[in-house]
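In what follows, a structure is listed as structure tokens, so that the remarks can point back to it.
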Amino acid sequence: MKVLSIPDLQYPFAHKDHLDFLEAVADKFQPKVVVNQGDEVDFHALGDYDHDPDGMSAGDELEAAIEDLTKLAKLFPKQKICISNHTSRPYRRAYKFGIPAAFIKSYREFLKAPKGWEWSANFEIDGVVYEHGDSPGISGAMGALKAAQKNMQSTCIGHLHSNAGIQWSANAKHLIFGFNVGCLIDKDAYAFKYGQNLKDKPILGAGI
């Protein structure tokens with residue numbers, strides 16, 4: 001089955017051309033399933049790291065992200081979305097401060113997402129695992145392959161912005177791959193100021 005894998009968008013800080021790019025990829029390859037690898041929202045204002053004092057409030061950031069998600073939903077009304085470290089920030093904040101689950105909205109509710117979007121820690125399609133890629137030990141240029149080896153089956157991830165591509169591993173009986181689909185962020189947005197002095201820069205892409 002042909003799958004379109006959408007990498008980290010981190011709304012509202014996505015690359016300005018990401019929708020045109022994703023539409024062109026979908027038109028060319030005609031995927032049957034769309035998997036969003038997660039970090040569809042950034043939630044910079046809710047992060048554990050220093051926040052830009054001139055940036056948006058958490059409420060304003062959510063409102064801007066919902067505007068972007070609405071546009072994405074028009075292109076892809078059905079998506080399987082991997083639960084991820086950025087989009088889960090509101091839940092982790094609530095847990096940290098002792099807010100019971102009964103007070104918390106679902107992803108679909110607070111992101112105002114369509115019924116055709118579903119969230120899960122991972123999905124398996126035709127023997128390939130799709131997950132965000134933020135598990136412990138999954139890092140670096142070989143991060144996707146590490147994820148595949150830990151799962152003991154071919155695995156597609158996002159999360160690692162500065163890496164993209166396919167790596168293979170084989171033994172006498174099995175051949176598996178790790179696929180990192182890159183990201184679609186705007187590297188110049190203030191939310192990614194932490195990467196200004198890093199030598200490795202984000203790689204834009206998507207997966208088929």
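Using the Cβ atoms and a cut-off under 11 Å, what net charge is assigned to the surroundings of Gly47, where Lys and Arg are +1 and Asp and Glu are -1?
Values: positive: Arg89, Arg92, Arg93; negative: Asp42, Asp48, Asp50, Asp52, Glu61.
Within the 11 Å Cβ shell, the charges total -2.
Placing +1 on the Cβ of each Lys and Arg and -1 on the Cβ of each Asp and Glu in the chain, which of Gln196, Ala144, Phe177 has its Cα farthest towards the positive end of the resulting dipole?
Phe177
Amide H to amide H, which residues 5 or more places from Ile81 or on other chains are under 5 Å from it, using H placed in the peptide plane?
Asn36, Glu118, Trp119, Ser120
Straight distance only, please: which lysines reach the Cα of Lys96 with their own Cα at less than 22 Å, same-chain residues fewer than 8 apart left out?
Filter leaves Lys105.
Shape call for the range 74-183 from the C-alpha gyration tensor, a ≥ b ≥ c root eigenvalues: rounded (a/c under 1.5), prolate (a/b greater than b/c) or oblate?
Numbers: a/c = 2.34, a/b = 1.77, b/c = 1.32.
Judged from the Cα gyration tensor, the range 74-183 comes out prolate (a/c at least 1.5, a/b above b/c).
Just add up the charged neighbours of Met1: K/R +1, D/E -1, any other residue whose Cβ is under 13 Å from the Cβ of Met1. Please report the intermediate quantities before stating the final value.
Values: positive: Lys2, Lys32, Lys80; negative: Glu124, Asp126.
Combined, the nearby Lys, Arg, Asp and Glu give +1.
Compute the signed sum of charges (Lys and Arg +1, Asp and Glu -1) over the other residues within less than 12 Å, Cβ to Cβ, of Ser84. Provide the component values of the computation, followed by the final result.
On the way: positive: Arg89, Arg92; negative: Asp8, Asp39, Glu40, Asp42, Glu131, Asp134.
Every neighbour counted, the sum reads -4.
How would you classify the chain from its alpha-carbon gyration tensor, with a ≥ b ≥ c the square roots of the eigenvalues: rounded for a/c under 1.5, else prolate if a/b is greater than b/c, otherwise oblate? Don't skip to the answer; put the middle values down first.
Values: a/c = 1.44, a/b = 1.38, b/c = 1.05.
The shape class here is rounded.
How would you order 51-59, 12-20 from highest to lowest mean count of nearby Cβ atoms within 10 Å? Don't skip to the answer; put the middle values down first.
Details: 51-59: 12.0, 12-20: 17.0.
For the peptides 51-59, 12-20, the packing ranking is 12-20, 51-59.
Here are some pairs, Lys16/Lys193; Lys16/Lys115; Lys78/Lys173; Lys28/Lys80; Lys74/Lys201; Lys146/Lys201; which of them have Cα atoms lying more than 28 Å apart in this structure?
On the way: Lys16/Lys193 17 Å; Lys16/Lys115 26 Å; Lys78/Lys173 36 Å; Lys28/Lys80 20 Å; Lys74/Lys201 30 Å; Lys146/Lys201 21 Å.
Violating the 28 Å limit, Cα to Cα: Lys78/Lys173; Lys74/Lys201.
Can you compute 3J(HN,Hα) from phi for each residue in the range 140-157, using the Karplus curve 6.51 cos²θ - 1.76 cosθ + 1.60 with θ = phi - 60°, rounded to whole Hz and x for Gly and Pro?
Ordered by residue, 3J(HN,Hα) equals x, 4, 9, x, 5, 5, 4, 5, 5, 5, 5, 7, 6, 6, 4, 9, 10, 10 Hz.
Scan the range 63-107 for chymotrypsin sites (Phe, Trp or Tyr not before Pro) in coil per DSSP, keeping those whose Cβ has at most 15 other Cβ atoms within 10 Å, and list them by number.
Values: sites: Tyr91, Tyr95, Phe97, Phe103, Tyr107; in loops: Phe97.
Within the range 63-107, the qualifying chymotrypsin sites (Phe, Trp or Tyr not before Pro) (loop, at most 15 other Cβ atoms within 10 Å) are Phe97.
Please sort by residue number the trypsin sites (Lys or Arg not before Pro) in the range 78-142 whose DSSP state is loop and whose Cβ has at most 11 other Cβ atoms within 10 Å.
Working: sites: Lys78, Lys80, Arg92, Arg93, Lys96, Lys105, Arg108, Lys112, Lys115; in loops: Lys78, Lys105, Lys112, Lys115.
Taking the range 78-142 and a limit of 11 other Cβ atoms within 10 Å, the loop trypsin sites (Lys or Arg not before Pro) found are Lys105, Lys115.
Bear in mind these aren't lab numbers, they're just calculated from the coordinates by the rules spelled out. It should be emphasised that the depicted structure is a prediction, and the values quoted were computed from it without experimental measurement. Neighbour counts run over all protein chains shown; Cβ positions are idealised from the backbone, glycine included.
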